[in-house]
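Worksheet: one structure, shown below.
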There are 2 protein chains.
Amino acid sequence: MMSNNKCSISPHGGTLINCFSDNLDGLSQEANKLTSITVTKRVLCDLEMLAIGAFSPLKGFTGEKDYKSILESMRLSSGLIWPVPITLQVNEETYNNIKNKNKIVLKNEKGESVAVLSITEIYKADLEKEALSVFKTNELKHPGVKYLFESGNYCIAGEVKVLKHTYDEFTEYNTGCEGTRKAFKEKGWKRIVAFQTRNPVHRAHEYLLKVALETVDGLLLHPTMGETKDDDIPADIRMKCYREILDKYFPKNRTMLVVMPASMRYAGPKEAILHAIIRKNYGCTHFIVGRDHAGVGNYYGTYDAQKIFDEFKPEEIGITPIFFEHSFYCRACNSMASYKTCPHDSSEHLILSGTKVREMLKAGQILPEEFTRPEIAKILIESMKEKVKT
Amino acid sequence: MMSNNKCSISPHGGTLINCFSDNLDGLSQEANKLTSITVTKRVLCDLEMLAIGAFSPLKGFTGEKDYKSILESMRLSSGLIWPVPITLQVNEETYNNIKNKNKIVLKNEKGESVAVLSITEIYKADLEKEALSVFKTNELKHPGVKYLFESGNYCIAGEVKVLKHTYDEFTEYNTGCEGTRKAFKEKGWKRIVAFQTRNPVHRAHEYLLKVALETVDGLLLHPTMGETKDDDIPADIRMKCYREILDKYFPKNRTMLVVMPASMRYAGPKEAILHAIIRKNYGCTHFIVGRDHAGVGNYYGTYDAQKIFDEFKPEEIGITPIFFEHSFYCRACNSMASYKTCPHDSSEHLILSGTKVREMLKAGQILPEEFTRPEIAKILIESMKEKVKT
């Protein structure tokens, strides 16, 4: 434990939101009569995040007043910090189809009704401004910018009532904000550090997780399970890795694995703030922010996602960020370390690039034990073999 | 960095005290005419701590109102947290000799005048109550209790003006509160963790120091250099070890070695609070509290020195405690770890008792590399050889 924070942390804005409908039959019947639109996987993830309270205090898709405020100042119009608008974009055709409706039903790609949206307004997005504000670039090479510009100029705003989980994989690990908070309470954890990841846990991250865990009560391993980039390791392989590393190398009573059903936006610093707020909603008191958090390409400075926290008062963010350097195995230290704790020449450091790791795995080469635990390397090599077979 | 604390931390009570005289010649002349008493090494250490601001806001030896308040509530009569009275105890003979004086001079064992004390009051100490309050025991086997009961029933209170350093070893490392704060500023460190120790730094502590350092800007290695127990490693050997471990295993721009010229009281939890306040005065923002901090024998529960921080509001203490478990090398983890981060059976753990370590060193046996860095083991073995020679 570090310091004396004895109470559980409040959700962002003070109240945990639950957008699941409490009248499923009634709403389903109503949904059958409504005009429908089919939404993307990204929107399905956003719906899931809204439903389970992860986007508290949001109850639906961002309206124009909040949209403008967020792009200008990273705050809702109420003044509460919110770094990225959660919009439901549609194109002109869809807009014309629904512009006179008060309510619509949102459907997934299978044609199932998943949520009813009570429309409060429809407004034109300023995509150029949004791209530059959220992503710091308008280049279409940026996956977040690409999605933005391809998703339509109109934003439909309003509260949602969700009929069913719109992310339905690894359901036993999808405990939402309320369930996760309850589990923390049952474990007696008061100080919990969350770790966001979209990669398997190699030794470098294991080290940072353990450094963080030494000073708190528990660790929430909280991988992003919605859409990631094509070259990221698939979700099911990652889950195997997460279960294995926790099982073999962490005390059971100090860790929890929960999926975060969000899509990556790759908004770097602003997504780091969003990720921190989400973990606050899950009941975590600390959040790990590494170098180039939620970054892609070279759009953000190495430490931008750490520095951005200085723009707010700590009590406005609520959750405490823990900033880490990159870590590595050092032969001279004979242990894991970072540039903050190791004085030795970089020739002593074992550092493998992502590209090198992928090459080695494809070639069936076992990764060095100091880089990846053998149990994890085995899972990754086997997954490569499966991939070749299919 | 963890969180966004951007300003330097205020001294305890708000103002850094400096009890060195700013009129050395005048005070020396005055001192020659005053009745003198010779003080113990403990008192010389307390004088040094007062002089360099480490006991801020104290300007001298505790008066009766504060004495009673401290024993009752761990607070000065002003309400400010203060866990242990800093008294100047004298016996009846000395009392009779000085009871009508307004000022006296304090001398060291060499007969040198070191400080002038302006007496505000002399009162009878309640030694039994003090022992039970500060040390939780009245057993004379406890070194702090023994000193207390052997040092006289009368307390002389008042502000001191100090003529010279009353601790004059390792002077280049005795930079006091002002000098250390200045050094932090020059290094650009905003978040500094202090580590209190009276032992050489073995791997277990190196690990905890590095865990702490990963999340702040700098580490102050701050050993207690005043009186310790007879079976503790001598100060000069410890200093050799500290310089070596920092030189070989820590980045130079992230660490500082400063001596803390205090005597150990072995007051366990209450001394942990005192140690934290002292480090706050030195300008540190974080303070490591291990298991059984400042303990001796079995007088305190393993976690008492951590739990006591819960009795105060974090902002009253000001400095943030970092609580650690014991750590060790684990063969299955193939790394340092603690019970909080390692799931493996204790048969995988390399743990050596203090007694075992002393035996091995006396026998000239090299300690395992996973227990002590070879450079440190070498210094300790050589010191044992020297000891045998003399």
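For region A:264-363, which fully contained helices (runs of 4 or more DSSP H) count at least 3 residues that are within 14 Å of chain B (Cβ to nearest Cβ), under 30 Å from A:Asn174 (Cα atoms) and under 15 Å from the mean Cα position of the chain (by Cα)?
Per the criteria, A:269-281.
Residues that are open to solvent by 20 Å² or more (accessible area, probe 1.4 Å), among the basic types (Lys, Arg) and closer than 24 Å to B:Lys378 by Cα: does region B:273-293 have at least one?
Within region B:273-293 (the criterion being open to solvent by 20 Å² or more (accessible area, probe 1.4 Å), among the basic types (Lys, Arg) and closer than 24 Å to B:Lys378 by Cα), the answer is no, since none of the residues qualifies.
Would you please list the contacts, defined by Cβ atoms under 9 Å and residues six or more apart or on different chains, that run from a residue in region A:159-184 that is at positive phi to a residue that is open to solvent by 50 Å² or more (accessible area, probe 1.4 Å)?
From region A:159-184, the pairs are A:Phe170/A:Asp236; A:Gly176/A:Asn18.
Okay, residues lined up against (1) modelled with pLDDT of 95 or more; (2) touching a Lys or Arg at 6+ places or on another chain (Cβ under 9 Å); (3) under 22 Å from B:Lys270 (Cα atoms):
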residue	(1), (2), (3)
B:Met1	no, yes, no
B:Asn5	no, yes, no
B:Pro11	yes, yes, yes
B:Asn18	yes, no, no
B:Ile37	yes, yes, no
B:Cys45	yes, no, yes
B:Gly79	yes, no, yes
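Which one is surrounded by the fewest Cβ atoms within 10 Å (Cβ to Cβ) among residues in region B:364-375 that are within 14 Å of chain A (Cβ to nearest Cβ) and under 19 Å from B:Arg238 (Cβ atoms)?
Only one residue fits best here, namely B:Pro374.
Among the residues that make up region A:224-240, is at least one of them open to solvent by 10 Å² or more (accessible area, probe 1.4 Å), within 14 Å of chain B (Cβ to nearest Cβ) and within 26 Å of A:Arg373 (Cα to Cα)?
no
Return the total of residues in region A:294-350 being hydrophobic (A, V, I, L, M, F, W, C) and in contact with a Leu (Cβ under 9 Å, 6 or more places away or on another chain).
6
Of all helices (runs of 4 or more DSSP H) completely enclosed by region A:74-179, which ones contain at least 1 residues that are within 24 Å of the chain's Cα centre (by Cα) and of a type in the set (Asp, Glu)?
Ranges flagged: A:127-130, A:143-150.
Identify all residues within region B:24-57 that are open to solvent by 40 Å² or more (accessible area, probe 1.4 Å) and free of Cβ contacts under 8 Å to residues at least 24 places away in the same chain; write none if there are none.
B:Asp25, B:Gln29, B:Lys33
Restricting attention to region A:247-261, which residues are away from chain B (no Cβ under 14 Å) and open to solvent by less than 10 Å² (accessible area, probe 1.4 Å)?
The answer is A:Val258, A:Val259, A:Met260, A:Pro261.
If you go through region A:132-162 one residue at a time, how many are surrounded by 22 or more Cβ atoms within 10 Å (Cβ to Cβ), aliphatic (A, V, I, L, M) and under 21 Å from A:Glu92 (Cα atoms)?
Residues in region A:132-162 being surrounded by 22 or more Cβ atoms within 10 Å (Cβ to Cβ), aliphatic (A, V, I, L, M) and under 21 Å from A:Glu92 (Cα atoms): 4 in total.
Kindly indicate whether A:Tyr167 is closer than 21 Å to A:Asp236 by Cα and not assigned by TED's automatic domain parsing to the domain that holds A:Arg358.
For A:Tyr167, the condition - closer than 21 Å to A:Asp236 by Cα and not assigned by TED's automatic domain parsing to the domain that holds A:Arg358 - is met.
Could we say that B:Glu244 is surrounded by fewer than 19 Cβ atoms within 10 Å (Cβ to Cβ), within 14 Å of chain A (Cβ to nearest Cβ), at pLDDT 95 or above and not in a loop (DSSP other than H, G, I, E, B) here?
yes
The values are calculated or read from the model by the stated rules, or taken from the named source; none is laboratory data. Just so we're clear, the structure is a prediction, and the values are computed from it rather than from any experiment. Glycine gets a Cβ as well: all are built from the backbone with ideal geometry, and neighbour counts include every protein chain shown. Areas reflect the complete protein model, heavy atoms only, side chains present, ligands, DNA and RNA absent. Shrake-Rupley method; radii C 1.70, N 1.55, O 1.52, S 1.80 Å.
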